[in-house]
Amino acid sequence: MQLCRHRLEPGEIDHELIWLAVSVGSLALATVWFAVGLPWPWCVFHELTGLPCVTCGMTRCAIQFFHGHFLAAMKWNPLVFTALCGVTTFDLYAFATLTTRAPRLRISFSTKRAKTFVRVSVILAFVLNWIYLLSHWRDF
């Protein structure tokens, strides 16, 4: 796995602009959703089984995160908390890169082993998060 920097080539997809717009747009949509008083999302898996799914607590985690209650957010869903930290970091990077027109960072996987390691790590993170949620299922 390598991290490299390069200038955006003509015709190349501007991932920083696209994903910054998607994350800011999603935040705006969620804010309007709750400000208008639309119903909270509900989980079919939780309704059928009474157990939390892999993303249970995601909405409450996000609300706590954006209110600055990071410990409470992490308790609701550690995986979502980690993802929100990552998205926030990426958004700051993307904003700085777009405003300064700096070279872009790209991750490249040079071997199949590196790709496999990342895939297994992501799956393991989901499994460990679900185990955590199942051990705290009474909170949901």
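Read-outs: derived from the displayed coordinates by stated rules, not from any lab. It should be emphasised that the depicted structure is a prediction, and the values quoted were computed from it without experimental measurement. Don't worry about glycine lacking a Cβ; one is built from the backbone with ideal geometry, like all the others, and counts go over all protein chains shown.
Quick one: helix 78-100 against the long Cα principal axis of the chain, what's the angle to the nearest 10°, folded into 0 to 90? Taking the Cα atoms of the chain, the angle to 78-100 is about 30 degrees. Mean projected area of the Cα convex hull of the stretch 52-140, taken over all directions, amounts to 7.2 nm². Mean residue ellipticity at 222 nm, helices only, the chain: -21500 deg cm²/dmol; runs of at least 4 DSSP H residues each add -39,500 (n - 2.57), and the sum is divided by the number of residues. Taking amide H positions as modeled 1.01 Å from N, with prolines and chain starts lacking one, the residues under 5 Å from Arg104 and 5 or more places away or on another chain are His6, Arg7, Leu8.
Rounded to whole numbers, the Karplus 3J(HN,Hα) couplings from phi for the stretch 20-31 are 5, 5, 5, 5, 5, x, 5, 5, 5, 4, 5, 5 Hz, using 6.51 cos²θ - 1.76 cosθ + 1.60 with θ = phi - 60°, and x at Gly and Pro. Largest GNM mean-square fluctuation among Pro103, Pro78, Pro52, using the chain with Cα springs under 10 Å: Pro103.
One equal scatterer on each Cα of the stretch 1-49, no solvent, Debye formula: the resulting log10 I(q)/I(0) at q = 0.14 Å⁻¹ is -0.66.
Separation of the stretch 79-97 from the stretch 40-71 is 20 Å, based on Cα centroids.
Taking a sphere under 9 Å around the Cβ of Leu8 and counting the other residues whose Cβ falls inside, with K and R at +1 and D and E at -1, yields a net charge of -1. In a DSSP loop and with at most 12 other Cβ atoms within 10 Å, the trypsin sites (Lys or Arg not before Pro) in the stretch 1-84 are Arg7. With respect to the chain, whose longest principal axis is taken over its alpha-carbon atoms, helix 112-135 is tilted by about 20°. In this Cβ point-charge picture (+1 for Lys and Arg, -1 for Asp and Glu), the chain has a dipole of about 520 debye about its Cα centre.
I need the phi-derived Karplus couplings for the stretch 44-61: 6.51 cos²θ - 1.76 cosθ + 1.60, θ = phi - 60°, integer Hz, Gly and Pro marked x. Going residue by residue, I get 5, 4, 5, 5, 7, 9, x, 9, x, 8, 4, 10, 4, x, 4, 5, 5, 4 Hz, with x marking Gly and Pro.
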